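Down below is the structure, laid out as structure tokens.
What follows is calculated from the coordinates using simple rules that are stated; it is not laboratory data. In this text the structure is predicted, and so the values were computed from the model without any measurement. Counting neighbours? That spans all protein chains shown, and the Cβs are built from the backbone with ideal geometry, glycine included.
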Amino acid sequence: MIAEHKNTETINETYAEIRNDYDNFVEELGLDENVIKQVVENENDLIDVPLEFLDISLGESGIDGIGMFAKVDIEGGKLIAAARLGDKRTQAGRYINHSPYPNVKFILNSSNDLMVVSIREIIKGDEITVDYRQAAEVNSELIEYSKLEGKSMRDVILKIEENISKMPQAYFGDSPNCPLTHTFCNGMYMREIFIPAGTYIAGEIHKNEHPVWFIEGEMIDITEDGVKHLTKNDYFVSASGTKRVGFAIQDTRWLNIFLNPTEERNVDKLKEMNLIKDYIEYDNSVLKKLNNKPCH
């Protein structure tokens, strides 16, 4: 409940205002609501905690679907629950709904877990709500667009990569958590990566234009061209200078297909031939090519 002492008409008006503010929030992010919904409803990064020992419970929400409710009166400034433990969301992280008039906020503890803290008194039966803008700012995974208004997509990508690098479960470079498969065939080098569901990923910059086959899975993909929702068997050409960050909604297999005219088989050399670590190095390589190009 939002305010149990209000009449039904007033409560419905409040619900409508909350939903409208949520729509504004989604628009501020520049993402499609359906894509956000798929990320939120992804079950691969969920962990159940025993709610019987907490002051909250699940129930039908007038805001949206299922919500989290106070089982007892809760004083302001109280730690209520964990929303995320390590890289797993709890029921609180999954079901606490948005409101521009929140009664809780999210904070990070010393272990980088995401905790739910009341910011005012919450009456028994009231729905627990958080302002998703505040939650996104603290969670700082992929949702940083509002802070980057007016900036280029390159700035957005770098900011997201920075946020990913701060996650406790982050790893860098080639990793057994995202295994690679290398295939060679008649002047081609095919580099396939497996990305487990629930994984945030930031790639290096591709030097050369090349085809990409999204073999299977589902993923939010962010490049300088914008935000895309990729699904099984999507196929496209990745431009020279492309860097991407993203989130795997489902287990994903992604295949990059590079030209390999020298029939090189050393994977480290092939990586050096096709990938660059940062934009400065890439921009310098483009300038070098332009300066070496003969005049006619």
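A few comments on the model shown:
- Potential extension, TYR15-VAL40 segment - 0.36 nm per residue separation minus Cα distance: 7.0 nm
- 5 angstrom amide H check on ASP64, placed H, neighbours 5+ away: none
- Among 125-136, 78-89, sorting by the average number of other beta carbon atoms lying within 10 angstrom of each residue, highest first, gives 125-136, 78-89.
- Subset of LYS159/LYS207; LYS37/LYS124; LYS88/LYS166; LYS166/LYS232 violating a 19 Å alpha-carbon distance limit: LYS159/LYS207; LYS37/LYS124; LYS166/LYS232
- Spatially proximal aspartates and glutamates relative to LYS78 (Cα-Cα < 14 Å; intrachain offsets below 8 disregarded): ASP55, GLU121
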